[in-house]
Structures are given as structure tokens and as C-alpha cells.
Amino acid sequence: MITAMKIAILTGAGISAESGLGTFRDEDGLWTKYDLNDVATPEGFGRNPALVHDFYNARRANCQGATPNAAHDALAQLARSPNHELTLITQNIDDLHERAGSPRVIHMHGELMRALCGTCDARWDAPAIMAPHDHCPQCQQTATRPDVVWFGEMPYFMDDITVAVARADLFVAIGTSAEVYPAAGLVELAQGDTLELNLAPSAQANAFDARRFGPATQVVPQWVAELTS
Ligand code: APR
């Protein structure tokens, strides 16, 4: 009985770049246009919730207008391979992996399409436009926020993620600068082989056994084709 090869994959903004969603730290990235302290921290939300809602409303609209690309499609195909047991972890809050057909996506930084109540912890599908005066459907408090993990907050599912990375035969990072922890530290937890697929070397490139550079829509389908042929 041949056991399936366990693969843990971590994706970042680079896998959605060619779908037009942009990244954070490239030359035209989001953090060159917005101060992350204003739009991606609990303090920024406390200071100006309308600004933060507008920021995520614009990203939600951008995401709804985008389509998954060949890299998302290749990972969805890999999830269907009988010889591979895939755990897909993403730092991305877009839903392009799901729309490409990936069955189980672990969103460690939350989801743009979900809303959270800061008072009672209820979660629901986010409306297209969120605003500070929205009421929580469960407790009616006006404490709604995007279900997104901000800087200074604990990412979701870290127990599941660390177990999956540690037990994987292969850990692959795709489209991430490896500048933000704990995601950037996952490669150190990997016990198996490690591979970086990125446009350019990430901050952790030297921590990987192997690296392939190029646009995700070329490098990822090529890698999946080799793996599944
Ligand atoms: N194909 C592959 N990789 C690409 C492409 C592409 N077409 N375009 C850009 N990249 C790479 C860049 O070289 C860079 O290494 O994607 C990476 C994007 O890095 P970041 O913009 O820092 O995005 P990410 O690593 O996902 O950021 C991590 O930071 O701001 C927080 O919560 C946010 O989840 C995000 C986290």
C-alpha cells in the first residue's frame, strides 16, 4: 500500500498578483499606498472604523472582480491527486483558492468575505459594503469588523498549521516575501523537504532546500505537472 505524499503549502499575495489583486510589499504594493497602522491594526480600527471599512470594502470589490489564475487552478488540481495529501494554508484573505476549487483552505489571516462581531464573536458572510453603524446579526451591537487578522492579533488555526507543516513530507511556500511571522517561521518547523516558489528570493529563501523563481502562473503549474505526472 503506497501512502500518499503529505504536502503542506503556504501561499501569500504573490499567488494572487496575476489575478490583479496586487501584493503588499512590491513597488506598487498596498503598503506603499496605505499606512498599515491605519487600516490593518485594532488601534487603527478604533481610531477610524469608517476608513478601515472603506479599505476592506474596496479590496472586497476588487476581489469579486478578479478571477483565479493558473496557479490557483494547479493547486486545486493537486488537491484532487490520489497520491498526495495536501494541506493548503494561505496568508491571503481573498477567496480565489476556493473559487479555483481547492476543497479545504486554511485562512490564517482570516477572510475578506467574512464578517466578525467584536463583541460576541459571531461570524457571518460579509456584505459587499460594511460600515461602522452596521449591527451584529446575533447581538445587535454596532461592533462589526471584517473577519481579518490584523497586526498584533493572533493568526487563526496555528495548532493545525504547525502540525501539518511538521508532519509534511514536503513544505512549499508560494508567493510570499516571508516578512511576517508566524507564517515566515513555518519553514523552520518543516521536518521534510522544503521548496520556495516565488517571483524573487524571499527573506527566508536560504532556509529552503530548493527554490524556483518566476511568475506563479508559470512556476506553479509546471511544478504540479512534474509532481503528478
Ligand atoms: N508570482 C509569484 N510571486 C510573486 C508574484 C508573481 N506574479 N508577484 C509578486 N510575487 C512575490 C513577491 O516577490 C513577494 O515575495 O510575492 C511576494 C509578496 O510579498 P508580500 O507583498 O509581502 O505579501 P505576503 O508575503 O503575502 O504578506 C504577508 O503581510 O501585510 C501582511 O497580512 C498581510 O498576509 C499578508 C502578510
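Summary table
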item	result
Value of relative contact order over segment 54-149, rounded to a whole percent, pairs C-alpha under 8 Å and six or more apart	25
Percent of Cα-Cα distances greater than 16 Å, calculated over segment 34-101	59
222 nm mean residue ellipticity, helices alone, for the chain (DSSP H n ≥ 4; -39,500 (n - 2.57); rounded to 500)	-8000 deg cm²/dmol
Contour excess over end-to-end distance, with Cα ends at ASP28 and ASP160 and 0.36 nm allotted per residue	44.2 nm
Relative contact order %, the chain, counting alpha carbon pairs below 8 Å whose residues are six or more apart	23
Alpha-carbon centroid distance for the pair segment 4-62 / segment 151-225, whole angstrom	18
Cα-Cα separations in segment 82-229 greater than 26 Å, expressed as whole percent	34
Descending principal axes extents, segment 1-60, alpha-carbon based, whole Å	58, 25, 18
Cα-based Rg and Dmax for segment 1-150, where Dmax is the largest Cα-Cα distance (Å)	16.9, 58
Helix runs (DSSP H) in the chain reaching 15 Å along axis by Cα, Kyte-Doolittle at least 0.0	216-228
Gaussian network model of the chain, springs between alpha carbon atoms under 10 Å - residue of GLN204, GLN141, GLN77 with greatest fluctuation	GLN141
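Here, each number is a calculation from the coordinates, and none is a lab measurement. Bear in mind that the values here come from a model prediction, so they are computed numbers and not experimental data.
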